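Heads up: the structure comes next, in structure tokens.
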Amino acid sequence: MTDLVEDLKALIRIPSISRDPAHAADVAAAADWIAGRMRGAGLEHVAVMPTSGHPAVYGDWLHAAGRPTVLIYAHYDIQPPEPLAGWSSPPFAPEVRDGRLYGRGASDMKANLLLPLGACQSLREAGGALPVNVRFLYEGEEEVGSRSLPGLLAAHRDLLACEHAISADALQLGEDRPGLLVGLRGSAGAEVHVRSAASDVHSGRMGGLLPNAALALARILAGLVGPEGRILVEGFYDDVRPVSAHERAAMAALPDDSEDLRRAVGARALHGEPGFTPRERNWIRPTLDVSGITAGYQGPGNRTIVPGAAHAKITCRLVPDQEPARIASLLRAHILAHAPAEVEVTVNASGQRAGRPYLVPADHPALAAAERALARVYGRQPDRTRMGSTVPALSILREELGIWTVPFGFSLPDENAHAPDEFIRVRSLERGVQGFRALLEELAR
Ligand SMILES: [Zn+2]
């Protein structure tokens, strides 16, 4: 078995920053490195697959006759390291201090992507065979929204055929507290344009005569959400699937981190829909936010004008079973129905299939297998968790391959992903290989 820490250091030294075209050769070098590591783990048909963007890497082992096939997804691209001043050691010169391996990509997710490979290698070295068939697909564009993934999956449906799918891009709740992410929110959005005149107009000439586009927009926006936080768009909550008392009780039993979150963002107070805890508002309730407003004069000093145009952007987070396209059309209809008659209002609303909310069915067999595997490693039953954000890759796998992907990884929330001094606990590496070995065995049952 190769040394996981040395492997991880070697991979971190390759700055595979997908967002920066200047690093395209590094991303390609990381793909080649991964391909070599897959071969070293005993995988076959290993190939670097070109896409319209950065390449993906594929490898498989398909000799477990009569057993299920498991697709393992991960990404090898990383976020840029800036701000560099925040790093205690250079981001691409990995270093172990106090049981933590520091470097960009350590936690998100170069350590995690090595774990299933380490598990396959150790199983092959122990007995020669794996308990299940495996296909690995590692992409290089997760940090830029998995742009090429839909096309890649659509073009290779046969190659990627599987009964179960696992994403190694995942977190545990705490060092000794296992968790499984089962749900993510979806998204939809709109842009609103209000026009009352061909341009901004002098307020000495037209003030008191011309409708103020900024005020008209403000009235429209204020009508979208009530003062307490309930969304007022007609039909918005129609398709929200009720959450069982059992799941709400399980959520309430998790440690309450809302005060930490409030402090972390420097907020005076938290605010949200009545009748739900802060965690419920983030995990199981939909939201509507105004994400940007522009109108009138923005330069230094002041200027005596009446704005002739005003613009806003709106984003929604959605929960099962809200359809992004339906929410977009409800939003558009509501805004147009409540627009003041004296201004011209246009709405560009969008809701994509990839923005559907994601919730692994509670009785899904891969979820049960993942729970048994984590319980074996941690000695306690994992919590099922949700998250307020959207992970495009999981939705894309669902849409293109028709499978539910179970996130299964060993990073921890405090490891500075996307921030300076990113690290992974060295202890998590060994635990993660054990976890993946247990998972493959449990999936074989
Ligand atoms: Zn990331």
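The values are calculated or read from the model by the stated rules, or taken from the named source; none is laboratory data. If you're wondering where the values come from, they're calculated on a predicted model, not measured in any experiment. We place every Cβ from the backbone using ideal geometry, glycine too, and count neighbours over all the protein chains shown.
Checking each residue in region 47-57 for being surrounded by 14 or more Cβ atoms within 10 Å (Cβ to Cβ) and without any contact (Cβ under 8 Å) to a residue 60 or more places away in the chain picks out ALA47, VAL48.
Taking the criterion of being over 20 Å from GLU191 (Cα atoms), buried (at least 17 other Cβ atoms within 10 Å of the Cβ) and among the polar types (S, T, N, Q), the only residue of region 269-304 that qualifies is ASN282. Filtering region 27-46 to residues that are surrounded by 19 or more Cβ atoms within 10 Å (Cβ to Cβ) and more than 15 Å from GLU139 (Cβ to Cβ) leaves ARG37, ALA41, LEU43. ALA165 fulfils the conditions (1) within 16 Å of the ligand (Cβ to nearest atom); (2) in contact with a Leu (Cβ under 7 Å, 6 or more places away or on another chain) except for a single criterion, (1). Taking the criterion of being among the small types (Gly, Ala, Ser), within 16 Å of the ligand (Cβ to nearest atom) and crowded, with 17+ Cβ neighbours inside 10 Å, the residues of region 136-150 that qualify are GLY140, SER146.
Screening LEU181 with (1) within 25 Å of PRO255 (Cβ to Cβ); (2) within 16 Å of the ligand (Cβ to nearest atom); (3) touching an Asp or Glu at 6+ places or on another chain (Cβ under 9 Å) gives one miss only, at (3).
Quick check: anything in region 84-103 closer than 22 Å to LEU439 by Cα and in the same structural domain as GLY36 (by TED's automatic domain parsing)? Taking every residue of region 84-103 in turn, none turns out to be closer than 22 Å to LEU439 by Cα and in the same structural domain as GLY36 (by TED's automatic domain parsing).
Listed by first and then second residue, the pairs linking a residue in region 2-18 that is in the same structural domain as PRO81 (by TED's automatic domain parsing) to a residue that is modelled with pLDDT under 95 and surrounded by fewer than 23 Cβ atoms within 10 Å (Cβ to Cβ), with Cβ atoms under 6 Å apart and 6 or more places separating them unless they lie on different chains, are SER18/GLU143; SER18/VAL144. From the list LEU153, LEU181, LEU159, the lone residue that is part of a helix (DSSP H, G or I) and out of contact with any Gly (no Cβ under 8 Å at 6 or more places or on another chain) is LEU153. Restricting GLY379, GLY409, GLY402 to those that are touching an Asp or Glu at 6+ places or on another chain (Cβ under 9 Å) and surrounded by fewer than 16 Cβ atoms within 10 Å (Cβ to Cβ) reduces the list to GLY379.
Rundown of residues vs (1) within 25 Å of GLU280 (Cβ to Cβ); (2) in the same structural domain as VAL406 (by TED's automatic domain parsing); (3) touching a His at 6+ places or on another chain (Cβ under 6 Å), yes/no style:
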site: LEU153; (1), (2), (3): no, yes, no
site: ASP158; (1), (2), (3): no, yes, no
site: ALA168; (1), (2), (3): no, yes, no
site: PRO178; (1), (2), (3): yes, yes, no
site: SER199; (1), (2), (3): no, no, no
site: SER203; (1), (2), (3): no, no, no
site: MET206; (1), (2), (3): no, no, no
site: ALA214; (1), (2), (3): no, no, no
site: GLU234; (1), (2), (3): yes, no, yes
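Taken across region 414-431, residues that are more than 16 Å from the ligand (Cβ to nearest atom), modelled with pLDDT of 95 or more and surrounded by 24 or more Cβ atoms within 10 Å (Cβ to Cβ) do occur, with at least one present. If you check ALA341 against the conditions, is it assigned by TED's automatic domain parsing to the domain that holds SER196 and in a loop (DSSP other than H, G, I, E, B)? Criteria met by ALA341. So which residues in region 86-106 are within 11 Å of SER428 (Cβ to Cβ) and not in a loop (DSSP other than H, G, I, E, B)? Within region 86-106, ARG100, LEU101, ALA106 qualify. For region 168-178, a tally of residues being away from the ligand (no atom under 16 Å from the Cβ), touching a helix residue (DSSP H, G or I) at 6+ places or on another chain (Cβ under 9 Å) and not in a loop (DSSP other than H, G, I, E, B) returns 1. In the condition set (1) touching a helix residue (DSSP H, G or I) at 6+ places or on another chain (Cβ under 7 Å); (2) closer than 20 Å to ARG431 by Cα; (3) not in a loop (DSSP other than H, G, I, E, B), MET109 is compliant with all but (1). Can you tell me which residue in region 330-368 is surrounded by the most Cβ atoms within 10 Å (Cβ to Cβ), limited to those that are within 22 Å of LEU232 (Cα to Cα) and of a type in the set (Lys, Arg)? Here the answer is ARG356.
Close contacts from region 31-46, counting a first residue that is farther than 17 Å from SER18 by Cβ and a second that is assigned to a loop (DSSP other than H, G, I, E, B) and at pLDDT 95 or above, with Cβ to Cβ under 8 Å and a gap of 6+ residues or different chains, come to GLU44/LEU62.
Applying the condition of being outside any loop (DSSP other than H, G, I, E, B) and away from the ligand (no atom under 16 Å from the Cβ) to region 58-76 and asking which residue is surrounded by the fewest Cβ atoms within 10 Å (Cβ to Cβ) yields THR69.
Conditions tested, residue by residue: (1) more than 16 Å from the ligand (Cβ to nearest atom); (2) modelled with pLDDT of 95 or more.
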{"site": "ILE78", "(1), (2)": "no, yes"}
{"site": "SER88", "(1), (2)": "yes, yes"}
{"site": "PRO91", "(1), (2)": "no, yes"}
{"site": "ARG100", "(1), (2)": "yes, yes"}
{"site": "ASN112", "(1), (2)": "no, yes"}
{"site": "GLU125", "(1), (2)": "yes, no"}
{"site": "LEU152", "(1), (2)": "yes, yes"}
